[in-house]
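Shown next, in structure tokens, is the structure this report addresses.
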Amino acid sequence: MSNVPDELAYSAEHEWVSGEPDAGAEVTVGITEHAAQALGDIVYVEAPRVGDTVVAGEVCGELESTKAVSELYSPVSGTVTAVNESLEASPETVGSDAYGDGWIFKVELTETATDLLDAEAYAATIA
Amino acid sequence: MSDAILRSPLHDQHVALGATLVPFAGWEMPVRYTSDIAEHTAVRTGAGLFDLSHMGEIAIRGEDAGAFLDFALVGRLSALALAGAKYTMLCTPDGGVIDDLIVYRRDHDHFVIVANASNKDVVVEELAARVEGFDATVEDESAQIALIAVQGPLAEGIVARMCTRGDDDIHAMKYYSTANVLLQGDIHAFVARTGYTGEDGFELFVGADEAAAVWALALAEGAADGIVPCGLSSRDTLRLEAGMPLYGQELTRETTPFDAGLGRIAVFGTAAKPRGDFVGREALLKAKVEGPDRVLVGLVGDGRRAARTGYAVLDEAGAAVGEVTSGAPSPTLGRPIAMAYVPASLAEPGTVVGIDVRGRREDMTVTALPFYSRAS
């Protein structure tokens with residue numbers, strides 16, 4: 001059973017959001033341990049670029065493993081303010097430390113996110 | 001046929017090892033135990049242990065067993081030496097591939113055919129339909145037999161140590177030959193030096209009720225060599241690097257052995273070594289004479305995004321001219337690799353083609369197969 005930290009918010013597409021997802025705030029985004037485990041060994045992360053506009057529920061990148069490729073969805077709407085450059089050399093971090101060093105990008109929200117799940121609700125979707 | 005999911009006799013072992021189990025050809029099998037790349041690398045550098053109990057085992061017995069297989073399959077199996085093994089195919093009268101098979105000769109009148117799990121029932125039905133008039137029987141023994149593979153450069157020592165009788169035979173076996181040995185006291189095993197990984201290795205056929213003991217024995221005897229249980233995901237990248245076709249991807253009823261670059265397995269006979277009629281002969285001879293209009297090629301990419309099954313191959317102008325059959329980031333090469341059908345005009349090694357990777361073009365270069373060959 002994978003870890004679902006209480007302090008994070010989640011999307012139905014298996015992204016996590018750290019920080020208050022309010023308009024004007026900056027949040028950090030990654031994929032859940034559950035999603036990383038399903039993908040297997042992640043060998044390439046194509047994240048959005050700094051300055052890109054992302055929209056909640058829309059594809060903004062992709063995750064490639066030896067077994068499969070999966071689209072990366074943005075859980076929030078806003079402007080990308082940072083991407084995790086260390087994933088270029090160490091994409092496997094997304095799997096080995098999904099909620100820490102495996103973060104993927106940061107977003108400054110243009111609108112408050114309303115569709116996110118709390119840990120309990122997300123855990124129920126993957127049970 | 002029941003829709004119930006089939007379980008390997010090693011199911012409990014997989015669960016205890018923490019395997020991720022997935023549906024595969026009607027079975028629930030391990031896709032991985034820990035890490036696809038670690039499992040792949042173990043087979044390339046040490047040893048990996050695979051449960052292949054989902055594969056089909058079909059016994060052919062009778063005085064006409066060899067003659068029957070000569071008629072039913074594209075190879076001349078009657079010429080197979082005792083204890084030998086041969087890669088061959090079952091084709092339709094039109095020359096399309098029904099399944100690719102390994103045939104083992106256990107005696108002059110006894111062969112064992114290993115078929116893909118997804119095709120096993122069809123293969124049994126086809127063989128049963130073709131056996132009429134021959135003094136031979138076709139028996140599906142899949143449920144009674146467990147198939148366990150030990151693959152990798154350290155496999156020989158591990159399998160020899162598993163034997164209580166026959167360890168000398170293991171050391172003496174050539175690739176694509178077989179032996180009968182005893183494991184852990186009195187467990188009878190039919191052992192073949194074959195595999196689907198591009199490495200040296202062995203496949204052990206044992207009774208389903210003895211699978212658990214043999215699995216545990218392989219883990220125990222392989223422990224000092226770091227043997228790693230391996231799932232279907234690593235099996236797929238291993239065979240892809242080795243340029244080995246997979247039924248349903250490189251091989252289908254719409255492809256002939258010639259399309260897949262495997263025309264050599266269709267044996268038409270010569271004046272000195274004549275061969276009689278076989279199912280698909282006329283169509284396959286035509287395919288040989290005319291040559292395929294599409295060619296199975298290897299592709300290597302410089303980028304990071306991998307081509308996957310079903311993606312279009314694009315010519316210089318961006319027109320779809322072929323299709324990717326298998327593709328993945330190669331753990332050994334560290335680059336995306338793929339197999340694809342392309343027109344003969346684009347099949348020359350060094351040719352650059354485009355792949356439509358989810359709407360964006362990625363260039364890949366045609367390369368000779370296999371992508372990986374073990375040092376011999």
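The values are calculated or read from the model by the stated rules, or taken from the named source; none is laboratory data. From a predicted model like this one, the values you see are computed outputs, not experimental measurements. For neighbour counting, all protein chains shown are included, and Cβ atoms are generated from backbone atoms with ideal geometry for every residue, glycine included. Note: areas computed on protein heavy atoms with side chains; ligands, DNA, RNA excluded. Shrake-Rupley method; radii C 1.70, N 1.55, O 1.52, S 1.80 Å.
Keeping the other protein chains in place, figure out the carbon and sulfur percent of the accessible area of the protein assembly as shown, with a 1.4 Å probe. The C+S portion of the solvent-accessible surface of the protein assembly as shown is 50 percent.
DSSP finds beta bridges in the protein assembly as shown, and of those with both partners inside it, around 95 percent are antiparallel.
Each label point was placed 7 Å from the Cα along the Cα-to-Cβ direction; for B:A368 and B:A220 their separation is 4.6 nm. Here the mean projected area of the convex hull built on the C-alpha positions of the stretch A:9-113 is 5.4 nm².
Is the C-alpha gyration tensor of the stretch B:293-376 telling us rounded, prolate or oblate? Criteria: a/c under 1.5 is rounded; beyond that, a/b larger than b/c is prolate, otherwise oblate. Oblate is the answer for the stretch B:293-376, as a/c is 1.5 or above yet b/c matches or exceeds a/b. Total buried accessible area between B and A, probe 1.4 Å, nearest 100: 1400 Å². Among rounded, prolate and oblate, which fits the stretch B:135-242 when a ≥ b ≥ c are the square roots of the eigenvalues of its C-alpha gyration tensor, a/c under 1.5 means rounded, and a/b larger than b/c means prolate? Rounded is the answer for the stretch B:135-242, as its axis ratio a/c remains below 1.5.
Estimated purely from DSSP H runs of n ≥ 4, each contributing -39500 (n - 2.57), the mean residue ellipticity at 222 nm for chain B is -6000 deg cm²/dmol once divided by its residues.
Taking every residue in B:231-241 and counting other chain Cβ atoms within 10 Å of its Cβ, the average works out to 2. Counting only C-alpha contacts under 8 Å and six or more residues apart, can you give the relative contact order of the stretch B:105-180 as a whole percent? Result for the stretch B:105-180 is 13 percent. Restricting to DSSP loop positions (anything but H, G, I, E, B) with no more than 16 other Cβ atoms inside 10 Å of their own Cβ, which GluC sites (Glu not before Pro) remain in the stretch B:138-168? When the GluC sites (Glu not before Pro) of the stretch B:138-168 are filtered for loop state and at most 16 Cβ neighbours within 10 Å, B:E141 remain.
Working from the Cα coordinates of the protein assembly as shown, the gyration tensor eigenvalues give, after taking √(5λ), semi-axes of 45, 28, 19 Å in decreasing order.
Note on A:E120/A:A68: beta-carbon distance plugged into 1/(1 + (r/R0)^6) with R0 of 25 Å gives a FRET efficiency of 0.30. When both the stretch B:288-331 and the stretch B:54-94 are represented by their alpha-carbon centers, they are found 32 Å apart.
For B:S53, which sequence-distant residues (separation of 5 or more, or a different chain) have an amide H within less than 5 Å of its own amide H, given hydrogens modelled in the peptide plane? Those lying under 5 Å, H to H, from B:S53 are B:L147. Peptide B:7-13 has a mean of 0 when you count, residue by residue, the C-beta atoms of other protein chains within 10 Å of its C-beta. Judged by the mean number of other Cβ atoms found within 10 Å, the most tightly packed of the peptides B:182-191, B:227-236, B:312-321 leads the ranking B:227-236, B:182-191, B:312-321.
Here the gap between B:A128 and B:R161, fully extended at 0.36 nm per residue and compared with their Cα-Cα distance, gives a gain of 8.0 nm. With R₀ fixed at 51 Å, the C-beta to C-beta distance from A:S90 to B:A213 puts the FRET efficiency at about 0.80. The residues neighbouring A:T66, those whose beta-carbon lies less than 9 Å from its own, together hold a net charge of -3 under the Lys/Arg +1, Asp/Glu -1 convention.
Counting heavy atoms of the protein chains only and a 1.4 Å probe, report the per residue accessible area for the protein assembly as shown as a whole number of Å². Each residue of the protein assembly as shown exposes 42 Å² on average to a 1.4 Å probe.
Averaged over peptide A:66-73, the number of partner chain Cβ atoms lying within 10 Å of each residue's Cβ comes to 5.
For chain B, the orientation-averaged shadow of the C-alpha convex hull comes to 19.2 nm² (one quarter of the hull surface). Close amide H contacts of B:D99 (hydrogens built in the peptide plane, cut-off under 5 Å, sequence separation of 5 or more or a different chain): B:L90. Checking every one of the trypsin sites (Lys or Arg not before Pro) in the stretch A:49-127 against DSSP loop status and a limit of 14 other Cβ atoms within 10 Å picks out A:R49. Judged by the mean number of other Cβ atoms found within 10 Å, the most tightly packed of the peptides B:149-155, B:260-266 leads the ranking B:149-155, B:260-266. The amide H of B:E323, built 1.01 Å from its N in the peptide plane, has B:V313, B:Y341 as neighbours under 5 Å, considering only residues 5 or more places off or on other chains. Multiplying the residue separation of B:T45 and B:S118 by 0.36 nm and removing their Cα-Cα distance gives an extension gain of 23.3 nm.
For the stretch A:9-113, relative contact order (Cα pairs under 8 Å, six or more residues apart, normalised by length) works out to 34 percent. For B:M29, the accessible area of its heavy atoms, probed at 1.4 Å with every protein chain present, is near 0 square angstrom.
Using the Cβ-Cβ distance between B:A143 and B:H110 with R0 set to 22 Å, the FRET efficiency works out to roughly 0.70.
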